[in-house]
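**Student:** Supplied in structure tokens, the structure appears directly below.
The values are calculated or read from the model by the stated rules, or taken from the named source; none is laboratory data. None of the values given here were measured: they were computed from a predicted structure. We place every Cβ from the backbone using ideal geometry, glycine too, and count neighbours over all the protein chains shown.
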Amino acid sequence: METSTDARLFRLGWTEGRGNAFAPYAQAGFIAARAVTAARDTVRAASATGQLTVVVQRGFRRGASAASEYPVVGDWLALEPLDGENAALRAVLPRSSVFSRGDHEVGTEQVIAANVDTAVIVAALTYELNLRRLERYLALAWSSGAAPVVLLNKADLCPDLPARVAEVTAVAGGAPVLVASALTGQGLDGLRPYLAANHTVCLLGSSGVGKSTITNALLGEERQLVREVRADDQRGRHTTTGRELFELPVGGLLIDTPGMRAIGLWDADDGVERAFADIDAIALECRFSDCAHDAEPGCAVRAAIERGDLDGSRLESRRKLELEMRSIERRMSVAAARAEGRRMGKLYRDAGKQAARKQRPWEARP
């Protein structure tokens, strides 16, 4: 028999698999909750009985080997109740999908959101529409484990809608392409199949594409601040300053994210392959299996570009993304080596201090 607790957790996205992962924590008396907002030391989570402030204690911080292990919006948490409004974080449950981007300067991972079923990539149908940036978002979505959907917003501002939709469809790699105007509400019904109960959708896109307007329209109320884009270049300003998980009236869940100026990919080899699957399909006809699509004889990809069957900028875009991936992998290796050196150094220092205390027991503290 389903209880009100079961129904509440289901509405938040609970599944049988998460229940199995949580079983050991349930035996310890912990409760399950989903992160609604999350900063490094400030997390709000929704449980079966209401929202809680989650205390990220020193023990968890010491045990976390990287910032990516801290709770993010969408995470399922094992919490130890402290009182009616606060709980201590004991564990982050395994993630079914992870949106991560890389910092190319230092080679670190930034987790954006977790446990997302559908990633809705929002782009504006203005002259700012950038196909190369859309390819990055698609690679990010596919590498996360979520299914991407492209939503072309501001259809009311597009003078040649069929042509722009065709351009986007050509690079979408089979992902559904929807057209809407969040301002008028036209076309937003196309999102309904992805907003079913127990299903989590994440909105991704640059500032000014209309994510906050879409969020407000789906919520049926003005919850997110909306600002006008600049008239001279149609670029927007950051209106959403943090990520947040919303429960929708139709039963689904929605994560709105701030606009991202930099979309550095992280561990996204599979995502890049999916985003450029059309190139790989053509490359099967190349004379050499290791063809670099440069100056080799019998290159089917170069031939397709010369015939006009493939946009040459697609090939250059893929090469750029692959170079970035290799660059961040090298930085990761250096960062990991340094972190391991620091860890081993601390172990040796701690071992030395412990040995010294054994030799001088009179100095031991009570």
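**Student:** Scan region 62-76 residue by residue and report those that are hydrophobic (A, V, I, L, M, F, W, C) and in a loop (DSSP other than H, G, I, E, B).
**Tutor:** ALA64, ALA66, VAL72, VAL73, listed by residue number.
**Student:** A follow-up question, please. Regarding ILE279, is this residue β-branched (Val, Ile, Thr), modelled with pLDDT under 90, surrounded by 15 or more Cβ atoms within 10 Å (Cβ to Cβ) and part of a helix (DSSP H, G or I)?
**Tutor:** No.
**Student:** If you don't mind, there's one more thing I want to ask. Restricting to region 192-220, name every residue that is in a loop (DSSP other than H, G, I, E, B) and closer than 26 Å to SER100 by Cβ.
**Tutor:** Answer for region 192-220, where residues must be in a loop (DSSP other than H, G, I, E, B) and closer than 26 Å to SER100 by Cβ: LEU195, ALA196, ASN198, HIS199, GLY205, SER206, SER207, GLY208, VAL209, GLY210.
**Student:** Run down LEU89, LEU77 and say which single residue is over 17 Å from the mean Cα position of the chain (by Cα) and at pLDDT 95 or above.
**Tutor:** Testing whether each residue is over 17 Å from the mean Cα position of the chain (by Cα) and at pLDDT 95 or above leaves just LEU77.
**Student:** On the given criteria, is GLU109 charged (D, E, K, R) and either in contact (Cβ under 8 Å) with a residue 40 or more places away in the chain or assigned by TED's automatic domain parsing to the domain that holds LEU157 (or both)?
**Tutor:** yes
**Student:** Do we have LEU140 as more than 30 Å from ALA48 (Cα to Cα), at pLDDT 90 or above and outside any loop (DSSP other than H, G, I, E, B) here?
**Tutor:** no
**Student:** Quick one: which of GLY242, GLY251 is out of contact with any helix residue (DSSP H, G or I) (no Cβ under 8 Å at 6 or more places or on another chain) and either at pLDDT below 90 or not assigned by TED's automatic domain parsing to the domain that holds ARG133 (or both)? Quick ask: steps written out before the conclusion?
**Tutor:** Numbers: GLY251 fails: out of contact with any helix residue (DSSP H, G or I) (no Cβ under 8 Å at 6 or more places or on another chain).
Among GLY242, GLY251, only GLY242 is out of contact with any helix residue (DSSP H, G or I) (no Cβ under 8 Å at 6 or more places or on another chain) and either at pLDDT below 90 or not assigned by TED's automatic domain parsing to the domain that holds ARG133 (or both).
**Student:** So the check is Cβ under 8 Å with 6+ separation or different chains; which pairs have a first residue in region 131-149 that's without any contact (Cβ under 8 Å) to a residue 60 or more places away in the chain and crowded, with 24+ Cβ neighbours inside 10 Å and a second one that's in a strand (DSSP E or B) and of a type in the set (Ser, Thr, Tyr)?
**Tutor:** Going by the 8 Å Cβ cut-off, the qualifying pairs are ALA146/THR118; PRO148/THR118.
**Student:** Next up: Count, please, the residues in region 173-195 that happen to be more than 18 Å from the chain's Cα centre (by Cα) and surrounded by 15 or more Cβ atoms within 10 Å (Cβ to Cβ).
**Tutor:** Residues flagged as more than 18 Å from the chain's Cα centre (by Cα) and surrounded by 15 or more Cβ atoms within 10 Å (Cβ to Cβ) within region 173-195 amount to 13.
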